[in-house]
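The block underneath contains the structure these notes are about, expressed in structure tokens.
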Amino acid sequence: MAGFVSKLGRPSRSPHRSTTEARWLQWIFIGIAMLFLGLFLFVPLASVFAEALRKGLGAYFESFKEPDAISAIKLTLTAAAIAVPLNMVFGVAAAWAIAKFEFRGKNALITLIDLPFAVSPVISGLIYVLMFGAQGWLGPWVQEHDIKIMFAVPGIVLATVFVTFPFVARELIPLMQAQGKDEELAALTLGASGWQTFWRITLPKIKWGLLYGVILCNARAMGEFGAVSVVSGHIRGETNTIPLHVEILYNEYNFVAAFAVASLLTLLALLTLALKSLVEWRAHKDQQEEPVHL
Amino acid sequence: MFFRKQKSALPGFRITITFTVIYLLLIVLIPLSATFAKTSTMTWGQFWSTITDARVVAAYKLSFGASAVAAFVNLVFGLLVTWVLVRYKFPGKKFIDAMVDLPFALPTAVAGLALTAIYSKNGWLGQFTEKLGFSVAFNPLGVFVALIFIGLPFVVRTVQPILEDMEPELEEAAASLGASRLQTFFRIVLPELFPALLTGFSLAFARALGEYGSVVFISGNKPMETEIVPLLIITKLEQYDYAGATALAVVMLIASFTILLLINALQRWSQSRTTN
């Protein structure tokens, strides 16, 4: 269960209450909370950059010039470039079917879509080994046709698709359910085609939710470690993603390079959080500007 | 499999539901069912001895124990963080609120690396814990610390919306009837937050149970001591013991699916409570 919990579409309330704690007690609570977050969030965050810059900026940037690092970055970008659009199309299709129509088995379908979040990353990789590995269900067939899936790029892409499967769908399903289908029906009555209705009516209404899902999906796709580690085979320069490259460098006691490459992923995480806050803010603003529908 | 209950004027049901179901089958359901099929090639005796091996049992204890304690720590501190974020004003609040999601956004391998660096003998915090006579990295304590990190946002994010939407009238009424602040909290606020707290706890627990990336770096992976179940699955795979790896995977899958069903039931319960 690796999901973000969505903050879209939530009204904000003023924190002012007539019943509250004394100011000194508030500061003690704030202090303890910040100490906890400092210890578990900010110290680890700072340590990544401190370790990466231990031998200066020269050594830091040197780590990215290595051909293995460059190929790892390329592979991570490739995997995300395939997995994210696939799961985005799936998310929109699933949300359309679930939110706009009534059918039997809907709740079961929603639960099944969430399944990948309940599966350990290691098991997410294992299932594809059991499918396409030498002893797997499709292993002999795959070998006969000279297709490489395990310990090759397709396996990494498959594992990435699996772990990021629910992100867009679980963001859009509640959003589209809440929006109903009256506006779409009105457009159809006025003579718009199904596609026109989707592009002109539905998409503008769900754009922030969609973007939110895509941002989170992308972060996970680029950062996945366990699942990819199982299917990759760890061939340097060929099947190593950025997180796997970090592990190899670390195991070789090349700490500065390991933390330098890890800092790249950390920057990606910070960028993700910034974009996420921006989308939350925009969605909130749109919501307030929109006239009230009765 | 999925029949529409009534005709709708909107187009696109058949194509979207067909695509959804086929994609779900191909990516998720068929590959997952491979685990159950693989274990059926083992005899019951083989399966049983694999999943009750002493080294495996030690890993269960660590995985379930550390996950439960870490989720509990996150329950207590998560509630405190949520309370402070929702009820109090202080500088940098928005920034802190956004940063709570860091464990979701930061790749687990990076988290593992960072925590190992901090808690190693010469690390920022490790040097102090060493002086106090205990070490975190390469010990069960390290597993626990990593699991606190990755589970941190769950309780905050599940409790936050409930606390924000809570009507102040109840607390005011309790106060005006003479209840102390502490009584109001335990009698009024806490019961209201209970379903969300339990959901957050379960989510953090389930996530911790399956976690691999952050733990492998800090745990040191000592057999019988700091091995978690996902690591044993990998170890068995590396020894080409696919059946053994799958047997452990089935145990973990059953555990996490049970928790998933519990969480779903919990969420329905909390929804019905708030709508009533």
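The values are calculated or read from the model by the stated rules, or taken from the named source; none is laboratory data. Computed from a prediction, not measured in an experiment: that's the story for all the values here. Methodologically, a virtual Cβ is constructed for each residue, glycine included, from the backbone with ideal geometry; neighbour enumeration extends over all protein chains shown. Note: areas computed on protein heavy atoms with side chains; ligands, DNA, RNA excluded. Shrake-Rupley method; radii C 1.70, N 1.55, O 1.52, S 1.80 Å.
Specify whether the C-alpha gyration tensor of the stretch A:36-78 places it in the rounded, prolate or oblate class, a ≥ b ≥ c being the square roots of the eigenvalues: rounded for a/c under 1.5, otherwise prolate if a/b is larger than b/c and oblate if not. It is oblate, given that a/c is not under 1.5 and a/b is not larger than b/c.
Fully extending the segment from A:ASP286 to A:PHE64, taken as 0.36 nm per residue of separation minus the present Cα-Cα distance, adds 75.9 nm.
On a full-extension model of 0.36 nm per residue, what is the gain between A:LYS74 and A:THR189, subtracting their alpha-carbon distance, rounded to one decimal in nm?
On the way: separation 115, 0.36 × 115 = 41.40 nm, distance 4.79 nm.
36.6 nm is the gain from fully extending A:LYS74 to A:THR189.
Which shape class, rounded, prolate or oblate, goes with chain A when its Cα gyration tensor gives a ≥ b ≥ c as root eigenvalues, a/c under 1.5 marks rounded, and past that a/b bigger than b/c marks prolate? Taking the square roots of the gyration eigenvalues as a ≥ b ≥ c, chain A is oblate. Among the chymotrypsin sites (Phe, Trp or Tyr not before Pro) in the stretch A:233-294, those located in a DSSP loop and surrounded by at most 13 other Cβ atoms within 10 Å of their own Cβ are A:TYR253. Once the 1.4 Å probe is applied to the protein heavy atoms, chain A comes out at 44 Å² accessible per residue. Using the rule -39500 (n - 2.57) for each DSSP H run of four or more residues, divided by the residues of chain B, the 222 nm mean residue ellipticity is -23500 deg cm²/dmol. For the stretch A:116-226, give the percent of accessible area contributed by carbon and sulfur heavy atoms, probe 1.4 Å, rounded to a whole number. C and S atoms contribute 63 percent here.
In this structure, the residue pairs whose Cα-Cα separation is over 23 Å, taken from B:LYS38/B:LYS236; B:LYS94/B:LYS121; A:LYS106/A:LYS285; A:LYS106/A:LYS181; A:LYS181/B:LYS94; B:LYS121/B:LYS236, are B:LYS94/B:LYS121; A:LYS106/A:LYS285; A:LYS181/B:LYS94; B:LYS121/B:LYS236.
Each Lys and Arg contributes +1 and each Asp and Glu -1, all at the Cβ; summed about the Cα centre of the stretch A:32-159, the dipole is approximately 280 debye. For chain A, the longest stretch holding no trypsin sites (Lys or Arg not before Pro) located in a DSSP loop with at most 15 other Cβ atoms within 10 Å is which? Value returned for the longest uninterrupted segment is A:149-235.
Between the listed residues B:ALA174, A:LEU35, B:VAL81, the Cα displaced farthest toward the positive end of the dipole of the protein assembly as shown, a dipole computed from Cβ unit charges relative to the Cα centre, is found at B:ALA174. Close amide H partners of A:PHE103, meaning residues 5 or more places away or on another chain with modelled amide H under 5 Å apart, are B:LYS5. 3J(HN,Hα) along the stretch B:59-67, derived from phi through the Karplus expression 6.51 cos²θ - 1.76 cosθ + 1.60 where θ = phi - 60°, amounts to 5, 4, 4, 5, 4, 6, x, 5, 5 Hz, with x in place of Gly and Pro.
Averaging the sequence gap over all C-alpha pairs within less than 8 Å and six or more residues apart, then dividing by the number of residues, gives chain B a relative contact order of 29 percent. Rounded to the nearest Hz, the phi-derived 3J(HN,Hα) couplings of the stretch A:157-166 under the Karplus curve 6.51 cos²θ - 1.76 cosθ + 1.60 (θ = phi - 60°) are 5, 4, 4, 5, 4, 4, 5, 9, 3, x, where x marks glycine and proline.
In plain terms, the chain from B:SER272 to B:LEU29 could stretch by 84.5 nm, reckoned as 0.36 nm per residue minus the Cα-Cα distance. Since only A:ALA257, A:ALA108, A:ALA186 are under comparison, the one whose Cα sits farthest along the positive direction of the charge dipole of chain A, derived from C-beta charges on Lys, Arg, Asp and Glu, is A:ALA186.
Taking θ as phi - 60° and the Karplus parameters 6.51, -1.76 and 1.60, the scalar couplings of the stretch A:122-134 work out to 4, 5, 4, x, 4, 4, 7, 5, 5, 7, 10, x, 3 Hz in sequence order, x denoting glycine and proline. Going by a ≥ b ≥ c, the root eigenvalues of the Cα gyration tensor, does the stretch B:123-262 fall in the rounded group (a/c under 1.5), the prolate group (a/b larger than b/c) or the oblate group? Here the stretch B:123-262 falls in the oblate category. Rolling a 1.4 Å probe across the protein heavy atoms gives the stretch B:142-276 an accessible surface of 39 Å² per residue.
Based on the Cβ-Cβ distance from B:PHE186 to B:ARG14, what FRET efficiency comes out when R0 is 56 Å, to the nearest 0.05?
It comes out at approximately 0.55.
Label point of A:ALA134 set 7 angstrom out along Cα-Cβ; within the stretch A:230-254, amide nitrogens under 15 Å from it belong to A:233. For chymotrypsin sites (Phe, Trp or Tyr not before Pro), the sites in the stretch B:1-87 that DSSP calls loop and that have at most 15 other Cβ atoms within 10 Å are B:PHE3. Chains B and A together bury roughly 9400 Å² of accessible area, counting both sides, with a 1.4 Å probe on protein heavy atoms only. Taking all protein chains as they are arranged and a probe of 1.4 Å, the heavy atoms of B:THR18 leave approximately 60 Å² accessible to solvent. Rounded to the nearest 20 debye, the dipole size of chain B about its Cα centre is 500 debye, using +1 on the Cβ of Lys and Arg and -1 on the Cβ of Asp and Glu. In chain A, the DSSP-assigned H stretches of four residues or longer account for a calculated mean residue ellipticity at 222 nm of -23000 deg cm²/dmol, using -39500 (n - 2.57) per stretch and the full residue count as denominator.
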